[in-house]
Amino acid sequence: MALYAVDDVGDALDATRAFLFPVDRSRWLRLAVVAFFVAGGFGLNGPVNGGSSMSSSGGEISELPEPIPEDVLVLLALVAVVVAAFVLVLGVIGSIMEFVFVESLRSDAVHVRRYARRYLSAGLRLFAFRLVVFLLAAGAVVGVVAVAGPAGPVLSWSDAQILSAVLLALPLILVLFPLVALIDGFTVDFVVPVVVLQDRSIIGGWRRFWSTLRTNLWQYATYVLVAFLLNIVIGLAAATVIGIAAVALAIPFLVVGVAAFFVGGGTFTTAVIAVLAVLLIVYVSLVLAAVALVQVPLQTFLRYYTLLVLGDTDDDLDLIPDQRTAVRE
């Protein structure tokens, strides 16, 4: 039996070359915008700090922690709101761009604004679905800790109570969050193309894809393994290229920055700080542009790969029949 997840790697490379070369500057720049958001794994980690530290001596609490000043709490809350809003906006844009990317490969034409308007509602539904799946998993962990964990407010927990809560939640996290990652990956890789092809809702797309998944379990199990390895290789390659680019770009900016510092008398005057701030903004912008451009061939390859696997496992869900035929002739 042919393993499509293995056989389609070479075809995905050929399809990527045909789509991206010879280089069309306009196509690459538009794809860079799409790939930047598609490749971005934006997440919000919330480390819990400031747990109370209580030590017992003769069964008595020796010292209570100092209360956190109210202005610090307000500042932390404001930062949390800003970060959460930023992550949500990026998540919405990224979900819309998933549809833009698939449609671009399907139609062999890249129109970011046109496709974004066309798939705006679908992208919002995709974001909502992904958010709900994540919140359900997070809620399950919080619920278990709340029911079976230490009693009382979190800030009043001792070190031992915090450790017991972590040990209680850890097994559930190790089970639930890989499952969430798998659901999210299959939704983006296979359900989104079904939605594009058949104009379904996200749930409707899952219902249609589910029948294909059930009848090709071995194919998709192989896909999970191969895709995992491909993502490791591609991640290392991207990190290497981006790292080299970041260092190469940093050299002229460091030279100019040092020169500006000494010209300004060797002190951080307002003018020197303004120059350094401008240099930093320009440098970060160039690095982000490099990241986006590096992601273009990598993300194109990965998306062609998933589309080829989907079409091989179900002819009715083939979004790229012409590209498939071209690379296999």
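The values are calculated or read from the model by the stated rules, or taken from the named source; none is laboratory data. This one's a predicted model, so the numbers in the text were calculated from it and none came from an experiment. A quick note on method: Cβ atoms are made from the backbone with ideal geometry, for glycine too, and the neighbour counts reach across all protein chains shown. Heavy atoms of the whole protein, side chains included, go into the accessibility calculation; ligands, DNA and RNA do not. Shrake-Rupley method; radii C 1.70, N 1.55, O 1.52, S 1.80 Å.
Taking ILE242 as the residue in question, decide whether it is open to solvent by 20 Å² or more (accessible area, probe 1.4 Å) and either at pLDDT below 95 or over 27 Å from SER107 (Cα atoms) (or both).
Working: open to solvent by 20 Å² or more (accessible area, probe 1.4 Å): yes; either at pLDDT below 95 or over 27 Å from SER107 (Cα atoms) (or both): yes.
Yes: the conditions hold for ILE242.
Of the residues PHE190, PHE186, which is touching a Ser or Thr at 6+ places or on another chain (Cβ under 8 Å), closer than 21 Å to LEU307 by Cβ and either hydrophobic (A, V, I, L, M, F, W, C) or at pLDDT 90 or above (or both)? Before the answer, list the steps.
Numbers: PHE186 fails: touching a Ser or Thr at 6+ places or on another chain (Cβ under 8 Å).
Residue meeting the stated conditions: PHE190.
What residue, of VAL195, VAL175, is more than 22 Å from VAL100 (Cα to Cα) and either open to solvent by 50 Å² or more (accessible area, probe 1.4 Å) or in contact (Cβ under 8 Å) with a residue 60 or more places away in the chain (or both)?
On the way: VAL195 fails: more than 22 Å from VAL100 (Cα to Cα).
So the residue among VAL195, VAL175 that is more than 22 Å from VAL100 (Cα to Cα) and either open to solvent by 50 Å² or more (accessible area, probe 1.4 Å) or in contact (Cβ under 8 Å) with a residue 60 or more places away in the chain (or both) is VAL175.
For THR212, indicate whether it is open to solvent by less than 50 Å² (accessible area, probe 1.4 Å), among the polar types (S, T, N, Q) and in contact with a Lys or Arg (Cβ under 9 Å, 6 or more places away or on another chain). Steps first, please.
Numbers: open to solvent by less than 50 Å² (accessible area, probe 1.4 Å): yes; among the polar types (S, T, N, Q): yes; in contact with a Lys or Arg (Cβ under 9 Å, 6 or more places away or on another chain): no.
Taking the combined requirement at face value, the residue does not satisfy it.
Assuming ILE68 fulfils every condition listed in (1) of a type in the set (A, V, I, L, M); (2) surrounded by 12 or more Cβ atoms within 10 Å (Cβ to Cβ); (3) modelled with pLDDT of 85 or more; (4) farther than 28 Å from TYR119 by Cα apart from one, which condition is it?
Result: ILE68 passes all but (3).
If you check VAL327, VAL256, VAL226, which single one turns out to be under 29 Å from the mean Cα position of the chain (by Cα) and either aromatic (Phe, Trp, Tyr) or part of a helix (DSSP H, G or I) (or both)?
Numbers: VAL327 fails: under 29 Å from the mean Cα position of the chain (by Cα); VAL256 fails: under 29 Å from the mean Cα position of the chain (by Cα).
From the options VAL327, VAL256, VAL226, the qualifying one is VAL226.
Restricting to the range 111-145, give me the number of residues that are over 19 Å from the mean Cα position of the chain (by Cα) and modelled with pLDDT under 95.
Number of matching residues: 7.
Would it be correct to say that THR215 is farther than 25 Å from ALA39 by Cβ and among the β-branched types (Val, Ile, Thr)?
Values: farther than 25 Å from ALA39 by Cβ: yes; among the β-branched types (Val, Ile, Thr): yes.
So THR215 passes the test.
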